Amino acid sequence: MEIPYTVKPRPDTGLANPKLGIWLFLASEVMLFGGLFAGYIFMRLSAEPWMWPRGWLNVPVGTFNTFILIASSVTIILAWESLKMHQYKAYKMWLTVTWICGLAFLGVKLGYEWPDKFGHFGAYIKGDALHKYEAFLGNEDPKDAKGNPILNAEGKPEQGRVSRNLPERHFISGHLHEIAGQKPSALALATVPYIPAKRLDDMIGTVWSLDDSIEEDEKQLAKPPEPLKPGLSDPERYAAEHVRVALKQKLAAEHATKEGRRAHLAEFGMTEQDLAVLLKRPADPRKPTPAELEEQKKAREAFLEKINVIRVHLVDPENANPYDPDNDKAHFWPRDKVDVATMKDRPHVEEETGADGKKEYLLVLHKSDLLDHHGAFTPKLNTYLATYFMITGLHGLHVLGGCIVFIYFWLPIKGGSKLYKTDHAQLCNRIEVAGLFWHLVDLIWIFVFPLFYLL
C-alpha cells in the first residue's frame, strides 16, 4: 500500500505529510528549548552574584564550533539544491561535508570541552570562613601588618572587589596536587564531603557492633544442638528445630549488613588499606590497651587529614592575583594556571616534600570551610554547570541524531541514496525535511553560545 502525500502537497494544508510533520515536531522542540532557556535565565537572575560564574567556558573553541554548525547549515542547503538539479556527485559531496561537520562539532565538545571540565577543581568558601582565604579572594582592601593601605603599582591604595562595587568572590579553583600511586585520585577525594571525627567514630563503631554480634552468633552455631525434650507440642517442637535455621539466617543478614557498611565507608574515600587499619579491633574490645588506643587514634587522625584537606597545586589567575582589575572580567582567550609556589608567603600555603624529595608549596583548603559539592566542574558543583551540561548535552543528542540521518541518506541503501534512481522526488523531500531539522539544531546553538559563553 502506498502512503499518500509523501511528496505531493495535501489539499487541506498545502504541505506534504513529511513537511507538515517536521514543522509540528520543530514547534515542540521550540517549546522544549524555550522552556529550558527561560528556566536558565530565571535561575541566573535569582542567583546570588557570587554564585553565578563568568568566563568558565573556552570562547575561542565555542566560536570555532559555532562556525562549524553554520557551515553545515550552508552545506545541507547546497546538498539539497544539487539533488534538485540532478547533480548526484555534488549532492553526495555536500552531504558528506554536512555530517562530517556535525561529527566534528561533537568531537570538539566531547573530546575537548567536556573533559577539560572534569579535570578542573573548584570550591565555594563558606561566608564565615572568607577571611581565612582573603589573600586568594581579594574582597577586602589589603593592608600591611601596621594597618596601612597597601599601594599598587600606580601608588594608589589597592582596592578589593567590594570597594570596586563588585560582588564578593567566594570561589577558589585550579588543579589539585596528585600523589603518585594515590588511589582514589585527588579529585575523587575532593568530592568526598567533610567527615567530622565523631561521625567517623560512629561509622567505625557500627561495624564493630556488627562484628561483636557476628562473633556471638558464630559461637552459638558452633555449639552442638541440644536434644529435644520429650512431650513437646507440635508448635514447640517446630520452634526448637528451627532455632539454628533462624540463627543462620540472622548471621547471613549480619554479614550482608557488614558488607553494606564497608561499601558505604568506601564511598567516603576509604581504600581497602584504610578499612583494614581503621576497622582493626583491639584483642579485647572491652579492655583495649593504651598502645592499641594510641594506634587507633593515629590511624583515624591520619585518615581525617587525608580526607578533610584538599591540596591545590595550580590556581586560576583570578585567585592568583585577586586584586588585579583585569581578573574581574571574563577573557576571550583562556589563560594558564599559576603555580602556588609563587604565593608561598600567603596564608594556607604549606610546604611539603614530594615523593621525589623535592619541596612543593600547596594551597591547603579545609573541607570544614567549604560549601558542599566541591570537586570537579561537573553538574553537582553549581546550577550553572548543571544547566550547561543538560542543555549542551541535549543539543549534542540532536546533533548526533541529525548526523545519523544524514549518513543513512548518504549510504547506497534502499532508503538512502538509491532513492536517487528509484524515487528522486521522495529523496529530495527527505533531504529537505532533514535540512529543516538541522537548521533548528543550528538555531538552538545560536542561543546556547551567547547565553553560556558570552554573557
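The values are calculated or read from the model by the stated rules, or taken from the named source; none is laboratory data. Small disclaimer: the values here were computed from a predicted structure and weren't measured. Note that we place each Cβ from the backbone using ideal geometry, even for glycine, and neighbour counts take in every protein chain shown.
Computed values, structure above
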{"read-out": "Some residue of the stretch 56-64 being of a type in the set (Phe, Trp, Tyr), modelled with pLDDT of 80 or more and within 22 Å of the chain's Cα centre (by Cα)", "value": "yes"}
{"read-out": "Members of the stretch 112-153 found to be hydrophobic (A, V, I, L, M, F, W, C) and surrounded by 13 or more Cβ atoms within 10 Å (Cβ to Cβ), listed by number", "value": "TRP114, PHE121, ALA123, ILE125, ALA129, LEU130, ALA135, PHE136, LEU137"}
{"read-out": "Test: residue in the stretch 310-324 that is over 30 Å from ARG161 (Cα atoms) and touching a residue at least 60 places away in the same chain (Cβ under 8 Å)", "value": "no"}
{"read-out": "Residues satisfying the stated conditions in the stretch 325-353, i.e. out of contact with any Phe, Trp or Tyr (no Cβ under 8 Å at 6 or more places or on another chain), in a loop (DSSP other than H, G, I, E, B) and without any contact (Cβ under 8 Å) to a residue 24 or more places away in the chain", "value": "ARG335, ASP336, ASP345"}
{"read-out": "In the stretch 378-418, residue modelled with the lowest pLDDT [restricted to those that are among the hydrophobic types (A, V, I, L, M, F, W, C) and more than 20 Å from GLY107 (Cβ to Cβ)]", "value": "ILE413"}
{"read-out": "Odd one out for LYS358, checked against (1) under 30 Å from LYS132 (Cβ atoms); (2) buried (at least 16 other Cβ atoms within 10 Å of the Cβ)", "value": "(2)"}
{"read-out": "Filter pass, LYS358 being charged (D, E, K, R) and either without any contact (Cβ under 8 Å) to a residue 12 or more places away in the chain or within 26 Å of SER163 (Cα to Cα) (or both)", "value": "yes"}
{"read-out": "Tabulated pairs, the stretch 279-293, first free of Cβ contacts under 8 Å to residues at least 60 places away in the same chain and assigned to a loop (DSSP other than H, G, I, E, B), second of a type in the set (S, T, N, Q) and surrounded by 15 or more Cβ atoms within 10 Å (Cβ to Cβ), C-beta under 8 angstrom, 6+ apart or interchain", "value": "LYS280/GLN296; PRO282/GLN296; PRO288/GLN296"}
{"read-out": "Subset of the stretch 173-213 [within 26 Å of the chain's Cα centre (by Cα) and among the aromatic types (Phe, Trp, Tyr)]", "value": "TYR194"}
{"read-out": "Cβ pairs under 6 Å, 6+ apart, first in the stretch 158-183 and more than 24 Å from ASP339 (Cβ to Cβ) and surrounded by 12 or more Cβ atoms within 10 Å (Cβ to Cβ), second aromatic (Phe, Trp, Tyr) and modelled with pLDDT under 90", "value": "PRO167/TRP50; GLU168/TRP50"}
{"read-out": "Total residues in the stretch 354-400, condition in contact with a Leu (Cβ under 6 Å, 6 or more places away or on another chain) and assigned to a strand (DSSP E or B)", "value": "1"}
{"read-out": "Subset of the stretch 59-100 that is within 16 Å of PHE449 (Cβ to Cβ) and hydrophobic (A, V, I, L, M, F, W, C) - its residue that is surrounded by the fewest Cβ atoms within 10 Å (Cβ to Cβ)", "value": "PHE67"}
{"read-out": "The one condition in (1) surrounded by 20 or more Cβ atoms within 10 Å (Cβ to Cβ); (2) more than 30 Å from GLY35 (Cα to Cα); (3) in contact with a Leu (Cβ under 7 Å, 6 or more places away or on another chain) that CYS403 fails to fulfil", "value": "(2)"}
{"read-out": "The stretch 265-278 - residue that is without any contact (Cβ under 8 Å) to a residue 60 or more places away in the chain and surrounded by 15 or more Cβ atoms within 10 Å (Cβ to Cβ) and, of those, farthest from ASP212 (Cα to Cα)", "value": "MET270"}
